[in-house]
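Have a look at the structure below before the remarks.
No lab work stands behind these numbers, since they all come straight from the coordinates. Being a predicted model, the structure only gives us computed values, none of them experimental. Heads up, the Cβs are rebuilt from the backbone with ideal geometry, glycines too, and the neighbour counts pull from every protein chain shown.
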Amino acid sequence: MKRSLALIAACLALVGNAHAVDNYLFGDSTHDVGNKLTATRTDNSTFEFSIIDSGSYESLGFSNPDETNYIVGPCSSCDPSGEYHNWFVVDLTSFTGTIKSLSLTLQSFAVERSGTYTLWDYAGSIDALRAGGDATTGIYGDLGDGSVYGKRFYQPGDSLELPTFDGYRSITLSQDAIDDFNAAVGHQNEWALGGAFDSTAPIPEPETYALMLAGLGVVGWMARRRKA
């Protein structure tokens, strides 16, 4: 009996490990001209903001303050492994006027699984956001909660790695983002927003099905043995 239960537990553990896959969106945002925030003023003129800072926070609060890329979503191969939220900062000091639309253009270097990338407001201190460090779980939570600033559905075909693909995708920002941006102009030197990635459930691998069937077979065998 104990041996049978141990076998079932082993099968279930292996099935769980089979689901330990990377489901993240990764961007090589080295603050070049391709990654930008584009604003359209009420007079129809446009202004492009370069992203001056970016990075990610893991669910337990870890962040590398020197990171210039971003990763968002579950990443089992990262160090540390876990769920990541990300952030971007733009400089407002050279901008004047009132805007009527905003869009964020980002490089999607790698999309491991299809899913929805959601941009959120960031209500905390930008200095603290930039400082990074360990155990800053409050910042992690803030980057994935609050007012929705925009959404985009990504799939592996959006990756930069495919031939002839530039990997840049634009996300139209919401009225909440526009209102918050207009309120910041003239009062803040910088403006920040966060992001979270909800990936679609991966299709189980064939070996996962085999392990599940093995576990069910053991359960059936035990039931028949009890009846006997």
Remind me, what semi-axes does the range 33-178 give for its equivalent ellipsoid, largest first in whole Å, using sqrt of 5 times each Cα gyration tensor eigenvalue? 25, 20, 14
Once the mean of 1/r over all distinct C-alpha pairs in the range 61-109 is inverted, the Kirkwood radius in Å reads 13.8
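Quick one: net charge of Ile171's neighbours, Cβ under 12 Å, K/R +1, D/E -1?
Working: positive: Lys36, Lys151, Arg152, Arg169; negative: Asp158.
Summing Lys and Arg as +1 and Asp and Glu as -1 gives +3.
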